[in-house]
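Asks: One structure, as structure tokens, below. Some questions next.
Read the figures in this text as sums done on the coordinates, not as results from a lab. Not measured: the values here are computed from a predicted model. Heads up, the Cβs are rebuilt from the backbone with ideal geometry, glycines too, and the neighbour counts pull from every protein chain shown.
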Amino acid sequence: MMNSDVDAIVIGGGPAGATTALLLARFGWSVALIEKKSFPRTKVCGEFISATSFPLLSELGLSEFYLQHAGPSVTRVGWFGAEKMLMTTMPPVEHSDSKWGRALGREQLDTALLLQAIKAGVHVWQPWTAQTIIDKKDSFTCILETKEKCTELSARTVIIAQGSWEKPVIRMRETAHKNSDLLAFKTHFQATTLDQDLMSLLSFPGGYGGLVHSDSNRVSLSCCIRRDVLQKLRLEKPGLQASDVVLNHILSTCKGAQNVLGTARREESWLSVGPLHPGIRRCYDNGLFFVGNIAGEAHPIIAEGISMAMQSGWLLATSLINGPTLTRDDLIQVGYRYSKKWHKQFASRIYAAAFFAHLTSRRAGMKVLLPLVARFPGLLTFGATLSGKNKTLPSFP
């Protein structure tokens, strides 16, 4: 398939890219999706999908798959920090077939989404890497490479759905490593004592994490820690891998984590990635659309990454619903409307997540907040509400 023309090229096959490609194909677009990794593959991800995404999963034809394979419904939210183990109710999503969120491993979710996209008519290039995008004024040409092959694809619309820490297909401003950089780690455990209906935030000096029951009777532990804190800890434990140093730090400073993981069995190797880049970036620029983490991401403390990725894909696809014959001037207007909808849906939770991350990973913040939340546990429910746990998407078109 050389020098092929399609209506849209989507770069990245994760939840954001696959959702966008699938919906555009449903709207009558011819779509090529470029994904550099073979599936199934694991990712550093908290795995939780908020109930606000259930209508979208239904629209994508994945509601039954999700209900069958995901972990138990999460009806309570917790905060384990220092000696405290605090729990309260999770805010439900009213007027929905599923009021509570669940967790599902990315190796299952991403594969299912991509298969649905293929069923919808999306042509998937996997494993291929998008190396360069050439702007030809009325269209774009994307240079693709695999191990021993190179080809071109052209399209009027290009959507970039790469993760924020991946090497971007377009040049981005590079930032030097900082002491405050957050490095992320993830693994699964069996035989924990974590309550089935509970998702809990973990707070520890220099970082934060989360525990939740996922698919296959596993508990997902995902966390991130400041670069300078990890470096100091590794100097104190020179014989240990970074992931084991992080786990020991969590267990020694967070009683709740020690209680639920003390007799648990880790079932796989650790995954790691970083640094993370929380913040708001751009949704559209010079004819290119951005979706998922590359457009903007919240601190993972609020467990909204998957939901934001999929929902941003829906926001973009529905912004392009008028069809693939849009001119570059038309796309500018679409980019403006999509950016406006994106900010309305996600900006407040990104700011809330940054605030929560700043306070809960510092001893001074925990010293003030933990006793306050212990006295007024409804503050946890309020915090979950601020993080978007019951903020639904606008009505489907």
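Asks: Which whole-number percent gives the relative contact order of the stretch 45-110, counting Cα pairs below 8 Å spaced six or more residues apart?
Replies: Working: 80 pairs, mean separation 30.6, N = 66.
Relative contact order of the stretch 45-110: 46 percent.
Asks: Among DSSP beta bridges lying fully in the chain, give the percent that are antiparallel, nearest 5.
Replies: Around 70 percent antiparallel, to the nearest 5.
Asks: Just want the answer: with Cβ charges of +1 for Lys and Arg and -1 for Asp and Glu, which residue in Val219, Thr192, Leu240 is farthest toward the dipole's positive end in the stretch 173-241?
Replies: So the residue we want is Leu240.
Asks: Counting pairs of Cα atoms in the stretch 10-52, how many percent are more than 16 Å apart?
Replies: So the portion of pairs separated by more than 16 Å is 47 percent.
Asks: Just need the relative contact order of the chain here, percent rounded to a whole number, with Cα pairs under 8 Å and 6+ apart.
Replies: Once divided by the residue count of the chain, the mean separation gives 24 percent.
Asks: Per-residue counts of other Cβ atoms within 10 Å, averaged by peptide: what ranking do you get for 108-119, 85-96, highest first?
Replies: 108-119, 85-96
Asks: Moving on. In Å and from the alpha-carbon atoms only, list the Rg and Dmax of the stretch 113-158.
Replies: Cα only, the stretch 113-158: 12.1, 33 Å (Rg, Dmax).
Asks: With charges set only on the Cβ (+1 for Lys and Arg, -1 for Asp and Glu), what does the dipole of the chain come to about its Cα centre, in debye to the nearest 20?
Replies: Numbers: 44 positive and 32 negative charges, 231 e Å.
It works out to roughly 1100 debye.
Asks: How much length, in nm to one decimal, is gained on full extension between Ala176 and Gln258, taken as 0.36 nm per residue of separation minus their Cα-Cα distance?
Replies: The Ala176-Gln258 span can extend by a further 26.0 nm.
Asks: Then there's this: HN-Hα J couplings of the stretch 193-206 from phi, Karplus 6.51/-1.76/1.60, θ = phi - 60°, integer Hz, Gly and Pro as x?
Replies: Per residue, the Karplus-derived 3J(HN,Hα) values read 10, 5, 4, 4, 9, 10, 10, 10, 6, 10, 10, 8, x, x Hz.
Asks: Hey, can you grab everything whose amide H is under 5 Å from the amide H of Lys84? Only 5+ residues off in sequence or another chain; H modelled, so Pro and N-termini drop out.
Replies: Lys255
Asks: Which entries of Lys99/Lys340; Lys119/Lys340; Lys37/Lys344; Lys149/Lys178 have Cα-Cα distances beyond 29 Å here?
Replies: Over 29 Å Cα-Cα: Lys119/Lys340; Lys37/Lys344; Lys149/Lys178.
Asks: Show me the GluC sites (Glu not before Pro) within the stretch 113-154 that DSSP assigns to loop and that have at most 13 other Cβ atoms within 10 Å of their Cβ.
Replies: Glu148
Asks: Rounded, prolate or oblate: pick one for the stretch 126-282, where a ≥ b ≥ c are the square roots of the eigenvalues of its C-alpha gyration tensor, a/c under 1.5 means rounded, and failing that, prolate if a/b is larger than b/c, else oblate.
Replies: Prolate, since a/c reaches 1.5 and a/b exceeds b/c.
Asks: Right, here's the next one. In what sequence, highest mean first, do 366-374, 42-50 appear when ranked by Cβ atoms within 10 angstrom?
Replies: Output ranking for 366-374, 42-50: 42-50, 366-374.
Asks: Next question. Please work out the Cα convex hull volume for the chain and give it in Å³ per residue.
Replies: Cα-based convex hull of the chain, divided per residue, equals 133 Å³.
Asks: Determine, at each q value in 0.18, 0.20, 0.24, 0.29 (inverse angstroms), the log₁₀ of I(q)/I(0) that the Debye formula gives when each Cα of the stretch 304-361 is one equal point scatterer.
Replies: The computed values of log10 I(q)/I(0) come out as -0.68, -0.77, -0.95, -1.14.
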